[in-house]
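Reviewing the structure listed below.
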């Protein structure tokens, strides 16, 4: 049986690649990484939010190709239900799917104004009102989850698909020095210090490629 392959793009800039990679790691899937060419126009379009369809990451497993991060998460949950990517409790599972879907389809102002860039820190960055509204909504989601499922992660004591979907937000908050309340800051710290996140960030910092539009001072 051929080993699974996860096709990803930039570790420094691609939030969707990070999400798919975390899901595969947390599921316990044995896989090899395949890096999409950085100069591929489709990769550039995805990183610059100019693509109408995001095809990276793509998981190739047992002859099956699965793209779109939510689809990858659902597929891995079917293969490895004991990993807990989706909570076993019906209420929690429904909420998890809902907030994953909200991240998947929403928060466009945050994506545009605060792009992922793990090699940079921007103290004093001004967050305008549209992006701030997205931040406020994300914090509401987090606090509601902590109140209902008691942490330390969004759905209790196990990492879930929701934590993978919101992990790039934690990196954005660090890159742009977004001020958070104590509970949200503690959650970001827990996510950022996970061994899988540390591994990804260290690899991102070693990448030679740069996207000028995402590295410019603004």
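Just a few scattered comments:
- Antiparallel %, DSSP beta bridges [both residues in the chain], to 5: 60
- By the count of other C-beta atoms within 10 Å, a proxy for reagent exposure, 188, 100 are ordered fewest to most as 188, 100.
- The relative contact order of the chain, computed from alpha carbon pairs under 8 Å that lie at least 6 residues apart in sequence, is 24 percent.
- Values of log10 I(q)/I(0), in the order q = 0.23 Å⁻¹, for segment 69-115 under a Debye, Cα-only, solvent-free model: -0.83
- For the chain, a Gaussian network of Cα nodes joined below 10 Å ranks 154, 114, 194 by mean-square fluctuation, and the top entry is 194.
- The spacing between segment 127-149 and segment 100-117, judged by their C-alpha centroids, is 12 Å.
- One compactness figure for segment 48-171 is 1.14, namely its Cα radius of gyration divided by 2.2 N^0.38 Å.
- Its alpha carbons considered, the chain gives a radius of gyration followed by a Dmax of 16.6, 51 Å.
- Residues 56, 64 arranged by fewest to most Cβ contacts within 10 Å: 64, 56
- Estimated [θ] at 222 nm from DSSP helical runs (n ≥ 4, -39500 (n - 2.57)) normalised by residues in the chain, nearest 500: -16500 deg cm²/dmol
- Using the Cα coordinates of segment 113-192, the gyration tensor eigenvalues translate into equivalent-ellipsoid semi-axes of 22, 14, 10 Å, sorted from longest to shortest.
- Of the residues 162, 182, 131, the one that moves most in a GNM of the chain with alpha-carbon contacts below 10 Å is 182.
- The ranking of 127, 178 by Cβ neighbour count inside 10 Å, starting from the fewest, reads 127, 178.
Laboratory data are not the source of any read-out in this text; all were calculated from the coordinates shown. Since the model is a prediction, treat every value here as computed from it, not as a measurement. Ideal geometry is used to build each Cβ from the backbone, glycine not excepted, and the neighbour counts take in all protein chains shown.
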